[in-house]
1. Please go through segment A:14-96 and write out the GluC sites (Glu not before Pro) that DSSP classes as loop and that have at most 12 other C-beta atoms within 10 Å.
2. When the helices in chain A are scored as -39500 (n - 2.57) per DSSP H run of 4 or longer and the sum is shared across all residues, what 222 nm value do you end up with, to the nearest 500 deg cm²/dmol?
3. Mind listing which trypsin sites (Lys or Arg not before Pro) in segment B:58-87 are in a DSSP loop and have 16 or fewer other Cβ atoms within 10 Å?
4. Based on alpha-carbon centroids, what's the gap between segment A:102-141 and segment B:54-72 in Å, whole number please?
5. State to the nearest 20 debye the size of the charge dipole of segment B:26-136 about its Cα centre, where the only charges are +1 on K and R beta carbons and -1 on D and E beta carbons.
6. With springs only between Cα atoms under 10 Å, which of A:Ser56, A:Ser69, A:Ser145 fluctuates most in a Gaussian network model of chain A?
7. For segment B:36-136, state which GluC sites (Glu not before Pro) are in a DSSP loop and have at most 12 other beta carbons lying within 10 Å of their beta carbon.
8. What's the longest uninterrupted piece of chain A once you rule out the trypsin sites (Lys or Arg not before Pro) that are loop residues per DSSP with at most 12 other Cβ within 10 Å?
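Where a number appears in this text, it was derived from the coordinates with a stated rule and is not lab data. As the structure is a computational prediction, the values presented were derived from the model and not from experiment. Positions of Cβ are backbone-derived with ideal geometry, glycine not excepted, and every protein chain shown enters the neighbour counts.
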Amino acid sequence: MKFNFIFLIILLFSITLYGRELGETEITTEDGIEVFQNEKFYLLKKNVKIESDDFSLNANEVKINFDKSLYDIIELAAKGEVDFVSHVFEIKGKSKILNLKVKTEQLKVEGIGSELITKDVKMLSDGFIEINNLNGDFNLNGPNSKLLNENILIVAESIDGIFTDFPDNKEIKFLEVYDKNLSYVKNKDTEMYAKKINFDNDNSIIELIDKVTIIRNEEKITGDYGTLDTTNNSYKIKSNNQGKVKVIIQNNE
Amino acid sequence: MIGTLLIISFIIFILYKQINLSNINFEYVKNELSDADISKPKFAINNETKKIYISAGEGNFLNKDEVLLKNNVKFKSSDFSIETDKVVFNRNKQTAQSKTKSLFKSKNAIIFSNGFDIQDNGNKIVFVGNSNIILK
């Protein structure tokens, strides 16, 4: 028992000597660090690993802008195979490029296969994904942009929106979706297509503009403009040209 | 029983490290015996915003401009310091290069590296090889 206690003391002492202490950030690189004192940034090169209590990151190359001294980080830009976890943002992600503005809490991932995952929402894009942690603004732009949670799936070229009380509560407060071909939204039992789709949580209305299609169960309705009330799940569709609204009811029996 | 074995392993590890340290000290003594052109040399790198003071235990002229600084080489400015064992300082170009283990310290930041290269009158410092930063 006594020996085990001594061993534990020795082990803890060894860890203190060689490991990162609580509250500290440890950065390791394989190909050095370039510090530019007048320009106030440093470059971390090859197989960069950043580890702190709140944040961890792996990337091939990282540029860090600082204010007073190296520790006073303003902005971090990483490239290569970037993957990271932020406990402050409650988010993890992967991308080719990452840009993190520390003071304004803005996070942007860029490149093919970019993804940001929170505990409730998954965002994917081959263009970029941007999130502002302070006001909950988010923006996905580029091919294969997708946002999904347990209630909704959105696929479009551009998805702009605001989360309520981000990062604690990630409900969507406002949404503007656009795709020059067709945007796609799936909500519970309803699939919606349109060039432009808007959602406002205050009135619980999903607005569909241009080349509208709503599919529910065996019903398929097309038109130029539509609304779906998410409180009672009812929808309306109209056309610029009277009589253009088309309803197809399929009987699968 | 396992605890005893682990303690014995730890003691062997410490003794091994001490033997290694003895070797390093031996090399250091050998270096001290070499002929030095300058004892306790002092230089400075000047740029528009700051001055970096350089000191060492001894120095040898490699050519008209370059001096090999050895033994406890220190670079010190108003906001950082670097310590290492050997540096080639170019008095004309105001550059310094080291390929020995180096320790950089500034406010709340420490960098360990396998050497460094001071360029552009001290504005750019390149830490080479496997490097490690601790930010507090």
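1. A:Glu21, A:Glu39
2. -2500 deg cm²/dmol
3. For trypsin sites (Lys or Arg not before Pro) across segment B:58-87 that sit outside H, G, I, E and B with at most 16 neighbouring Cβ atoms in 10 Å, the list reads B:Lys64.
4. Distance between centres, Cα-based: 52 Å.
5. 360
6. Its mean-square fluctuation being the largest, the pick is A:Ser69.
7. Filter output for segment B:36-136: B:Glu48.
8. Result for the longest clean stretch: A:120-187.
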